[in-house]
Structures are given as structure tokens and as C-alpha cells.
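Peer 1: Structure provided below as C-alpha cells; questions to follow.
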Amino acid sequence: MTTSARNRSPLLRLLFAAEAVRAAIWPQRMRPATGWAFLLPAVLLVAILVAGMAYMVDASFHELDRSTFRLTEEYSLTNYETVLERPFYSTIIIRTVLAAVIVTAITLVLAFPYAYAMVRTKRAATRKLLLIGLFLPFFIGQVVRAYGWLIVLGQEGLLNSTLTWMGLGTVKLIYTYPGVLIGLVQYMLPFAVLMLAPAVTAVPEEVELASDSLGAGWFATLWHVLLPMTKPGLVAAGVVVFTLTITDYAMPEIMGGGTSDFIASAIYDGYFSTDEQGLSSALAVLLVLGATTVVGVVFALVGVGTLGYSARRLR
Amino acid sequence: MVRLDGVTKRFGDVAAAEDVSFELGQGEFLTILGPSGSGKTTVLRMIAGFMEPTAGTILLGGRPVGALPPHRRSIGMVFQRLALFPHMTAAGNIAYPLRMRGFPRDEIPARVERYLGLVQLAGLGDRRIHELSGGQQQRVAIARALSFEPDLLLLDEPLASLDRKLREDMQLEFRRIQQELGVATINVTHDQREALVMSDRVIVMDGGRIQQAAAPETAYRLPANRFVAGFIGVTNFLPCAVRRSADGEAEVAIGDTVCAGRCAAPLPAGAPAEAALRAEQVLLGEAGQPIAHADMVVPATVTEVIFEGDRVVYAVHAAGLGGALLRIFDHDPLHHKTRRIGEDVAIGWKRRDLMVFPRDT
């Protein structure tokens with residue numbers, strides 16, 4: 001047998017050339033540092049984010065000087081006091097947190113059957129259809145989707161003309177809080193399904209059959225086997241939906257039309273409309289702290305779910 | 001305990017199981033043996049209630065079960081991949097059917113302990129499933145399937161994934177537990193050895209149909225057809241022509257050699273047939289010399305030698321048998337003699353060991 005670099009295909013030669021370059025600039029003894037090198041771009045990105053956050057935290061401790069419209073030099077907790085005292089802000093905070101809780105709950109309830117059907121169906125055509133239904137919204141974008149809702153839920157929209165035709169009168173959903181929640185649930189559903197599907201896949205169908213043969217009906221199997229075994233996925237999906245909702249900006253803006261602003265809207269207004277940078281920063285810091293605390297508590301109570309990669313896998 | 005009458009399952013035009021009928025008594029251990037796609041798992045799933053038969057009836061304890069869902073049947077099942085609940089302890093798994101089936105709460109702990117003891121896991125009840133070894137997980141699975149005292153135990157190849165040593169240990173262990181409790185059991189496997197070792201009775205299936213239902217030894221010694229003869233044991237099939245047949249005996253010509261053998265049904269003279277000879281029933285002797293106990297002796301040449309320790313496997317070429325290649329298991333407890341490739345030898349067999357089957361069955 002004659003072996004020669006010449007016999008390799010062009011692609012393989014290219015790969016081996018790259019290998020030679022790698023060996024020259026990253027010799028074998030640098031091996032232990034390889035992982036850190038790969039991490040570097042991500043660390044840089046996070047570092048920029050942290051720098052921005054630091055600036056924001058700093059700004060949150062300076063009050064706005066009404067005479068110059070600049071932040072004062074002294075450190076003070078005035079901004080935080082204002083946020084916690086003004087009813088305007090507490091209303092927005094309560095509204096946002098409540099929305100995040102409701103949207104998370106409804107989304108999980110709707111996403112679980114969807115993910116289950118998608119994973120368990122025996123028909124390839126059904127699975128394809130469900131997958132298309134899952135990914136289609138991603139191609140459309142949040143703004144276009146929200147306007148779609150305006151068409152369906154508007155005063156003269158699909159829903160109200162149907163209700164009128166049935167003689168049930170009309171409901172006002174556009175520019176209302178429930179309208180925002182409906183829009184958010186629809187927006188979050190694909191994320192939740194995508195995070196739940198692997199968790200359902202990880203439960204062998206045999207386990208459900210076993211539960212059935214051992215005497216558990218369908219609901220008992222759901223409660224005692226399926227939900228506990230998919231808990232990692234439920235936790236992960238819940239955390240993602242919760243954090244995405246609590247920080248959402250577009251949906252309350254478009255579907256709420258100013259009636260149901262979330263914290264993000266107030267922060268935006270503070271930075272770009274009313275120039276109250278300090279106040280907005282305080283609000284943003286509170287939002288980050290609040291969301292982090294909730295996620296931290298969930299992780300502490302029920303584990304990190306499928307968000308945490310671990311060597312020990314579910315069998 | 002269980003009776004199947006003409007049970008058939010069709011998927012479209014394909015019959016996964018066709019006209020399957022058998023009966024199983026209290027305490028009996030039945031193995032359904034067959035290759036994959038033979039319909040054995042389909043039959044098991046219909047009995048468990050995961051599938052409904054297209055035709056025929058299944059009776060459990062004398063009552064037809066019809067479309068009764070699995071959780072309303074009194075059947076314990078051990079699954080191929082065990083299907084234990086990883087979020088529960090071993091004891092939690094065994095208690096699960098008791099809770100679901102409404103056993104009195106205060107009786108459950110004692111019962112769980114008893115079944116842990118039965119499968120020799122006493123004291124390990126608090127372990128999580130992933131903290132147990134493969135063999136221990138098998139034991140939990142069988143305890144879980146039995147703790148609620150089902151009328152029937154189904155085993156869906158639970159031993160298939162184990163390594164050989166552990167599998168053989170567990171075969172005996174399953175058999176011991178089954179006999180201790182006297183529960184009627186249906187085991188499904190493609191492992192002929194497992195079927196012979198564990199069962200009171202064996203049903204051999206192929207193409208969705210029962211090929212033979214018999215005691216293990218009968219199925220081995222008197223296979224009903226060519227499929228059974230080929231599936232259980234290692235068998236040489238030699239094309240031959242029938243000269244005459246009567247009273248379960250047939251005289252056939254294998255190449256230039258005329259010899260007699262057994263046949264299940266009379267065969268018409270001149271019909272193409274196959275003579276079957278098990279690898280361990282072919283005797284090996286010195287070229288040109290008679291072989292003790294053999295009714296027939298023909299010359300042959302060794303073409304392949306595989307030393308397996310407890311036996312030597314030979315392939316020999318026999319010109320006198322139409323140029324057939326035969327596989328021989330030689331245990332040779334007397335001489336410790338291993339033949340060389342190319343060596344001329346004699347092969348022989350007893351008349352009762354040659355079975356004749358019609359070709360194309």
C-alpha cells in the first residue's frame with residue numbers, strides 16, 4: 001500500500017492544511033486552554049452586556065436634575081423610591097408580573113398536548129403538519145402577527161362578526177389586557193412546544209403502556225408518570241416563557257395600544273420620551289433583579305430542567 | 001386462565017397474526033418463539049389489551065375481554081426495555097400498581113417488602129432506578145408486574161438486552177419466581193435456548209401463524225415442519241427425492257445415497273423433499289471405517305474447523321450426498337482429536353435422527 005497526501009480528495013487536503021496551520025499557532029501543549037479559547041467570543045459579548053448593565057446600575061442611583069435635564073452627581077435612592085411610590089409604576093409592575101404568570105400557565109397547558117401529539121403521532125403527515133404549524137409563526141415576525149390579531153379580534157373583525165351573526169353581541173379585545181395576553185400566548189406557544197418536545201421524546205412510549213397495564217388510566221398516567229418525567233422540559237419552557245413575557249415590549253404596545261403597557265414600555269418611554277434615564281434605569285434594574293430572583297427560586301426548588309446540561313441523563 | 005380462539009390481527013392487507021388459538025392453564029409457563037415479524041409480539045399485545053384483534057376472541061379467566069383497556073385487565077407485564085419509572089424508587093415502582101388498583105393503603109408497605117424479598121432485593125427499596133444494576137432493574141420490573149397478583153404474567157423479551165451470563169441467570173430466576181407464585185405466564189422471545197430452558201410448553205410462530213405447539217423436548221425432537229426444524233437448533237437441510245413413504249417413514253435418495261428417515265405426513269413418491277439432520281447428531285469417524293451406533297455412513301472431507309472449547313464445529317463436504325456441505329458439532333469426550341482441513345473422514349447418523357420434510361413448506 002502506498003499512502004500519499006496526493007491521493008486525498010481536495011476537501012481532505014484543505015482540511016489537513018488547516019490542521020497544519022492549527023498545529024503551528026496552537027501547539028499541543030496549549031491543549032488545556034482550548035475550551036477557554038472557544039469561550040472567548042461569548043465572554044466578550046457578555047462582558048459588553050455587563051458593562052452596559054454597570055452603566056445602567058450607576059445611572060439608577062442618580063436623580064434627574066429638572067433644571068438641566070442631566071443626572072445629578074450625588075448618589076441617591078430617589079429613583080427607586082419614586083418607582084416604588086408612584087401608583088403608575090406599581091400598576092405597571094403588577095400588570096406585567098400577572099401577565100407573565102398567566103401567560104406561562106396557559107402556554108404550558110396548551111403547549112403540552114401539542115408537543116405530545118407531535119412526538120407520539122404515528123402518521124408522518126400529521127407530524128409534518130404540526131411542525132409547519134409550529135415554525136410558520138417564526139417566519140412571520142411579531143409585528144405582522146400582532147396586526148393579524150387586529151384583523152381577527154378588531155371591532156369589525158372575524159371574531160366579532162361571527163359573534164354578531166350568532167346574536168351574541170360583540171366583545172372588545174383589541175386594546176385590552178386580555179387581548180395582550182391572547183397575543184402573548186400565541187407568540188410564546190412555539191417556544192414552549194420546542195422546549196417540551198425533547199422532554200416528551202425522552203419518555204419511552206413503553207413507560208406509558210406499562211403504567212396502563214399496571215392499572216392506571218390515562219389521566220392517572222398523565223399525573224403520576226408523564227408530568228413528573230417531563231418536568232425538566234416543563235421547567236425549562238416555563239422559565240423561558242416567563243422571562244420572555246415579563247420583558248416583552250411589542251405585544252403590549254400593539255395589542256394594548258397604550259392601555260396595557262408593560263415594564264419594558266415604561267423603560268422605553270423613560271429613556272426616549274421623557275428623558276428620565278435614572279428612573280428608567282432603576283426600573284430596568286428592578287426588572288432584572290425580579291426576573292432573576294423568580295428564575296433562581298424555580299431552579300432552586302425544582303432543578304434547572306433541560307436548561308442544565310448534565311452528564312447524568314434520564315433513562 | 002387464558003384462551004385464544006382464532007385470533008387474527010390485520011394491518012391493511014398484511015396479517016400480523018392469523019388464526020391463533022391456544023389455551024393456557026393455571027401456573028403454566030408458555031413461550032411463544034419466533035423470528036422478528038413472526039407475529040409473536042402482536043399476539044402478546046392483543047392479550048395485554050394494547051391492540052384489538054381484527055377477528056377472534058381472547059378469554060381471560062373464562063370471560064371475553066373484547067376492548068377492555070389494559071388497566072382493567074388483571075395482567076402483569078414485563079417490557080422489553082423494562083419501562084420502569086425513573087422518578088420513583090424501587091419500592092415506589094412496586095407500590096405503583098397497588099395504589100392504582102386501590103389496594104388498602106396500610107397493606108401496601110408490607111406487600112412491597114414481601115415482593116422485594118421475593119426477587120431478592122430486600123433492603124434496596126429506597127434505591128432509585130438508576131442506582132440499581134441491570135439485573136436488579138430486571139428484578140424490580142418483575143416484582144412490579146407481580147405485586148398486585150395478576151391472573152397472568154406477560155414477558156415481552158425482557159432478557160434480550162442482557163449479556164449472556166446474566167441472561168442465563170435471570171432465566172432461571174424468572175422460572176423460580178414463576179413457579180413459587182404459580183402464576184400463568186406467557187413469554188415471548190426469539191431466543192430458542194431461552195424457550196427450551198424456561199417453558200412448560202412452546203409455541204413456534206412464523207408468518208403470523210402457529211407452526212407448532214408442543215413441549216420443548218417434543219418441539220426439538222419432533223419438529224412439525226421444516227421451519228421449526230430450522231429455527232430450533234442448528235440443522236443441515238439436504239435436498240432429496242422421495243422413493244416411497246409409509247407409516248411415518250420415508251425412503252429418500254440424497255444424491256447417490258439412499259437412506260431412510262422419519263416424516264410427519266406421508267410423502268408422494270418422486271416428490272422433492274428435504275432431509276434434515278441436526279449438527280450434533282452427525283457422527284464423525286475415520287475414513288473407510290464403520291462408526292459405532294450409526295445406521296448410515298458416508299465418506300466426507302473436512303473443509304472448515306472452528307475450535308469452540310467445549311466442542312469443535314466442522315464443515316464437511318460429502319460428495320455422496322449430492323455434494324452437500326454439512327455442519328457438525330463434535331464434542332468428542334474420548335479422544336481430544338481435532339481434524340485438519342482437507343482430511344478425509346466418515347460421517348454417519350442414526351436412522352431416527354434423519355427427518356424428511358416436503359420442500360417449500
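The values are calculated or read from the model by the stated rules, or taken from the named source; none is laboratory data. Since the structure is predicted, the reported quantities are computational estimates derived from the model, not experimental observations. Every residue, glycine as well, gets a Cβ built from its backbone with ideal geometry; the counts of neighbours run over all protein chains shown. Note: areas computed on protein heavy atoms with side chains; ligands, DNA, RNA excluded. Shrake-Rupley method; radii C 1.70, N 1.55, O 1.52, S 1.80 Å.
Peer 1: Could you say whether any residue in the stretch A:38-47 is closer than 30 Å to A:V203 by Cα and under 30 Å from the mean Cα position of the chain (by Cα)?
Peer 2: No, every residue in the stretch A:38-47 fails to be closer than 30 Å to A:V203 by Cα and under 30 Å from the mean Cα position of the chain (by Cα).
Peer 1: Another question about this same structure. Listed residues A:I102, A:I92; which is at pLDDT 95 or above, in a helix (DSSP H, G or I) and of a type in the set (A, V, I, L, M)?
Peer 2: That would be A:I102, the only listed residue that is at pLDDT 95 or above, in a helix (DSSP H, G or I) and of a type in the set (A, V, I, L, M).
Peer 1: Next question. Would you tally the residues in the stretch B:151-208 being hydrophobic (A, V, I, L, M, F, W, C), open to solvent by 20 Å² or more (accessible area, probe 1.4 Å) and closer than 16 Å to B:F29 by Cα?
Peer 2: 4
Peer 1: If B:A90 satisfies all but one of (1) at the interface with another protein chain (Cβ under 8 Å from one of its Cβ atoms); (2) open to solvent by less than 70 Å² (accessible area, probe 1.4 Å), what's the number of the condition it fails?
Peer 2: Result: B:A90 passes all but (1).
Peer 1: Pick out the one residue from B:A224, B:A145, B:A213, B:A219 that is within 14 Å of chain A (Cβ to nearest Cβ), in contact with a strand residue (DSSP E or B) (Cβ under 8 Å, 6 or more places away or on another chain) and of a type in the set (G, A, S).
Peer 2: Result of the check over B:A224, B:A145, B:A213, B:A219: B:A145.
Peer 1: Cβ-Cβ distance below 9 Å, separation of 6 or more or different chains: which pairs start in the stretch B:341-361 with a residue that is more than 22 Å from B:V302 (Cα to Cα) and end on one that is assigned to a strand (DSSP E or B) and among the aromatic types (F, W, Y)?
Peer 2: B:F357/B:F237
Peer 1: B:R339 fails exactly one of the following numbered conditions: (1) assigned to a strand (DSSP E or B); (2) charged (D, E, K, R); (3) surrounded by 16 or more Cβ atoms within 10 Å (Cβ to Cβ). What is the number of that condition?
Peer 2: So the condition that B:R339 fails would be (1).
Peer 1: Name the pairs whose Cβ atoms lie under 9 Å apart, with the first residue in the stretch A:22-33 and without any contact (Cβ under 8 Å) to a residue 40 or more places away in the chain, the second part of a helix (DSSP H, G or I) and among the hydroxyl-bearing types (S, T, Y), and 6 or more positions between them or separate chains?
Peer 2: Short answer, once both residue conditions are applied: A:W26/A:T34.
Peer 1: While we're on this one: I'm checking my understanding of the structure. Among residues of the stretch B:57-105 that are hydroxyl-bearing (S, T, Y) and touching a Pro at 6+ places or on another chain (Cβ under 9 Å), which one is farthest from B:E149 (Cα to Cα)?
Peer 2: B:T57
Peer 1: Test of understanding: among B:P69, B:P109, B:P53, which residue is more than 8 Å from chain A (Cβ to nearest Cβ) and loosely packed, with under 15 Cβ neighbours inside 10 Å?
Peer 2: Exactly one residue qualifies, and that residue is B:P109.
Peer 1: Tell me which residues, restricted to the stretch B:148-160, are closer than 21 Å to B:A195 by Cα, more than 12 Å from chain A (Cβ to nearest Cβ) and in contact with a Leu (Cβ under 9 Å, 6 or more places away or on another chain).
Peer 2: Selection gives B:L155, B:L159.
Peer 1: To continue, here is another question. Does A:G183 satisfy the condition of being free of Cβ contacts under 8 Å to residues at least 24 places away in the same chain, away from chain B (no Cβ under 14 Å) and farther than 30 Å from B:L68 by Cα?
Peer 2: No: the conditions fail for A:G183.
Peer 1: Return the total of residues in the stretch A:218-237 being facing chain B (nearest Cβ under 7 Å), touching a helix residue (DSSP H, G or I) at 6+ places or on another chain (Cβ under 9 Å) and either open to solvent by 20 Å² or more (accessible area, probe 1.4 Å) or charged (D, E, K, R) (or both).
Peer 2: 1
Peer 1: Answer yes or no: is there a residue in the stretch A:27-45 that is open to solvent by 100 Å² or more (accessible area, probe 1.4 Å) and within 30 Å of A:Y80 (Cα to Cα).
Peer 2: yes
Peer 1: Do we have any residue at all in the stretch B:26-40 that's over 26 Å from B:G230 (Cα atoms), of a type in the set (S, T, N, Q) and under 21 Å from the mean Cα position of the chain (by Cα)?
Peer 2: yes
Peer 1: Another question about this same structure. Considering only residues that are surrounded by 21 or more Cβ atoms within 10 Å (Cβ to Cβ) and acidic (D, E), which ones fall in the stretch A:168-216?
Peer 2: Matches in the stretch A:168-216: A:D212 only.
Peer 1: Residues in the stretch B:37-50: is at least one open to solvent by 30 Å² or more (accessible area, probe 1.4 Å), in contact (Cβ under 8 Å) with a residue 40 or more places away in the chain, within 11 Å of another protein chain (Cβ to nearest Cβ) and among the hydroxyl-bearing types (S, T, Y)?
Peer 2: No, that holds for no residue.
Peer 1: A further question follows. Against the definition (more than 14 Å from chain A (Cβ to nearest Cβ) and buried (at least 16 other Cβ atoms within 10 Å of the Cβ)), how does B:A15 come out, yes or no?
Peer 2: yes
Peer 1: Residue pairs, Cβ under 8 Å, 6 or more apart or interchain, first in the stretch B:290-317 and under 13 Å from B:R351 (Cα atoms), second open to solvent by less than 60 Å² (accessible area, probe 1.4 Å) and among the polar types (S, T, N, Q). List them.
Peer 2: B:M296/B:T257
Peer 1: Anything in the stretch A:48-67 that is closer than 25 Å to A:T292 by Cβ, open to solvent by less than 50 Å² (accessible area, probe 1.4 Å) and out of contact with any Phe, Trp or Tyr (no Cβ under 9 Å at 6 or more places or on another chain)? List them, or say none.
Peer 2: A:G52, A:M56, A:A59
Peer 1: Still on this structure, please answer the following. What's the total number of residues in the stretch B:131-162 that are of a type in the set (A, V, I, L, M) and within 17 Å of B:L121 (Cβ to Cβ)?
Peer 2: 8
Peer 1: Inside the stretch A:140-158, can you point out the residues that are open to solvent by less than 60 Å² (accessible area, probe 1.4 Å) and free of Cβ contacts under 8 Å to residues at least 24 places away in the same chain?
Peer 2: Selection gives A:G141, A:G148, A:V152, A:G154, A:G157.
Peer 1: Filter the stretch B:1-36 down to the residues that are free of Cβ contacts under 8 Å to residues at least 60 places away in the same chain, under 15 Å from B:L154 (Cα atoms) and in contact with a helix residue (DSSP H, G or I) (Cβ under 8 Å, 6 or more places away or on another chain) and list them by number.
Peer 2: Hit for the stretch B:1-36 is B:L4, nothing else.
Peer 1: Checking A:R123 against (1) of a type outside the set (A, V, I, L, M); (2) under 22 Å from A:V239 (Cβ atoms); (3) open to solvent by 50 Å² or more (accessible area, probe 1.4 Å), only one condition comes out false. Which one?
Peer 2: A:R123 satisfies every listed condition except (2).
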